[in-house]
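Reviewing the structure listed below.
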Amino acid sequence: MNPVNYLYLAALLFTIGAAGVVIRRNAIVLFMCVELMLNACNLAFVTFSRLHGNLDGQIIAFFTMVVAAAEVVVGLAIIVTVFRSRHSASVDDASLMKL
Amino acid sequence: MSGALAAAASTTSTGEAVQFWVLGTVAVIGALCTILMRKAVHSALSLAGTMIVLAVFYLANGAYFLGVVQIVVYTGAIMMLFLFVVMLVGVTAADSLKETLKGQRWLAALCGLGFGILLCAGIGNASLKTFDGLGQANSGGNVEGLAALVFTKYVFAFEITGALLITAAVGAMVLTHRERTERARSQREQSEERVRTGKHVPPLPAPGVYARHNAVDIPGLLPDGTTSELSVNATLRGRGQVRDVSGEALAELAALEQRSERWLGRRKPEGTEAEGAEGAAGASEDAEHRKGAAK
């Protein structure tokens, strides 16, 4: 097996995540799909790192993880705030800028 | 990766291939479950499974530090944060299946398929027949190699990451913080008000003591066998999660009495037994009636 297969898997996971973002309505599940896409990118970076024999890909994957952690914290705080004001986590219900 | 793979190689070991095909299937199934499960909790658990599989893949790809960080940060911290928010928002809340845009789901699936084909075609056309492997890069240790890069070539990105994390922490606090609009009443003030209004001066009755379900959602029974709504928390009452077991309890009591009578070899007068059964039925009917009235 060639490590390129890891890239195919990453592409597949990214596609599933992207489709999930378009299909689902629940803001939390949307967020999970975004996380899935970020993870797929990380897998691709780690595989590139192995293909090219240097550690730069792993560094970039590491930074992606840090940014994802920061993003999750702020995003979930926004979801909680929206849920408090609208009593719903569905993105369809949050159609107005102001309640 | 061992040093043997330091030179350009074109295939990995058979063990890794088997691992890839088995765990890759698990990862894809987990990802599909994440987007197809109706309840957010199931999605979160499926995603956690996929992330653990990805951690194994990182380890297999020679990214030992990232593999451990993936488990600690992603499945440990981020997914638990997700689960916390799912619990806050409501575990039972399932996504509605009503489509607001007609045919959106099929169009989305079609677009996803096209996107996937595009990505796979791109990877297939790249000339990636051989790979270098990380044997040489990891020779001084994976963590040491990463540290050397982070603190030299990527030091500015690393510093900015710190600023980003602080901003995120402050942002989360600002977003979720709520200012109290009125002062919280002290216990003394509350007790004085209770006495002044003359309503429920003694403490509220305790809930039922049946060690089943939550126990606190089962109202206590009054001496006449009816339930006391006051013994259940107001939140549970508001949600309608009060379990009424008074009918069952009375029926069980009647059955127990009947059994003990039989065991003692004494026959109960017919009229009393019938009355007991009727009383139990009447109590459950009464409870049903009251439940209906509460709704």
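One table, with the values for the structure above:
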read-out	value
Yes/no for B:Ala55 being touching a helix residue (DSSP H, G or I) at 6+ places or on another chain (Cβ under 6 Å) and not basic (Lys, Arg)	yes
Of residues in segment A:65-99 being more than 7 Å from chain B (Cβ to nearest Cβ) and of a type in the set (Asp, Glu), the one farthest from B:Gly135 (Cα to Cα)	A:Asp93
A:Phe62 being more than 7 Å from chain B (Cβ to nearest Cβ), modelled with pLDDT of 90 or more and either within 30 Å of B:Leu110 (Cβ to Cβ) or buried (at least 18 other Cβ atoms within 10 Å of the Cβ) (or both)	no
Leading residue by the ranking (nearest to the other protein chains (Cβ to nearest Cβ)) among those in segment B:138-155 that are touching a residue at least 60 places away in the same chain (Cβ under 8 Å) and not in a helix (DSSP H, G or I)	B:Asn138
Residue identified as surrounded by fewer than 17 Cβ atoms within 10 Å (Cβ to Cβ) and over 20 Å from A:Leu7 (Cβ atoms) among A:Val73, A:Val67	A:Val67
Residue check for B:Glu182: part of a loop (DSSP other than H, G, I, E, B) and outside the structural domain of B:Tyr64 (by TED's automatic domain parsing)	yes
Residue, surrounded by the most Cβ atoms within 10 Å (Cβ to Cβ), within segment B:51-64, restricted to residues that are in contact with a Leu (Cβ under 7 Å, 6 or more places away or on another chain) and assigned to a helix (DSSP H, G or I)	B:Leu54
Some residue of segment B:157-177 being more than 7 Å from every other protein chain (Cβ to nearest Cβ), within 21 Å of A:Leu51 (Cα to Cα), surrounded by 12 or more Cβ atoms within 10 Å (Cβ to Cβ) and not basic (Lys, Arg)	no
Subset of segment B:98-144 (residues that are of a type in the set (A, V, I, L, M, F, W, C), under 33 Å from the mean Cα position of the chain (by Cα) and surrounded by 12 or more Cβ atoms within 10 Å (Cβ to Cβ))	B:Leu107, B:Ala108, B:Ala109, B:Leu110, B:Cys111, B:Leu113, B:Phe115
Count - residues of segment A:18-48 that are among the small types (Gly, Ala, Ser), surrounded by 23 or more Cβ atoms within 10 Å (Cβ to Cβ) and facing chain B (nearest Cβ under 7 Å)	2
Flag for B:Leu107 being in a helix (DSSP H, G or I), within 30 Å of B:Thr11 (Cα to Cα), more than 8 Å from chain A (Cβ to nearest Cβ) and without any contact (Cβ under 8 Å) to a residue 60 or more places away in the chain	no
Test set (1) more than 9 Å from chain A (Cβ to nearest Cβ); (2) at positive phi - B:Lys102 fails condition number	(2)
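One line per residue, one yes/no per condition, for (1) among the aliphatic types (A, V, I, L, M); (2) more than 8 Å from every other protein chain (Cβ to nearest Cβ):
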residue	(1), (2)
B:Gly15	no, yes
B:Gln19	no, yes
B:Leu32	yes, no
B:Ala40	yes, no
B:Leu45	yes, yes
B:Val56	yes, yes
B:Leu59	yes, yes
B:Thr75	no, yes
B:Ile78	yes, no
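Residue-wise test of (1) in a helix (DSSP H, G or I); (2) under 20 Å from the mean Cα position of the chain (by Cα); (3) in contact (Cβ under 8 Å) with a residue 40 or more places away in the chain.
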position: A:Asn5; (1), (2), (3): yes, no, no
position: A:Leu13; (1), (2), (3): yes, yes, no
position: A:Met32; (1), (2), (3): yes, yes, no
position: A:Met37; (1), (2), (3): yes, yes, no
position: A:Thr47; (1), (2), (3): yes, yes, yes
position: A:Ile60; (1), (2), (3): yes, yes, no
position: A:Met65; (1), (2), (3): yes, yes, no
position: A:Ala69; (1), (2), (3): yes, yes, no
position: A:Met97; (1), (2), (3): no, no, no
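The values are calculated or read from the model by the stated rules, or taken from the named source; none is laboratory data. Every value quoted in this text rests on a predicted model; they were computed, and no experiment measured them. When we count neighbours, we look across all protein chains shown, and the Cβ atoms used for this are built from the backbone with ideal geometry, even at glycine.
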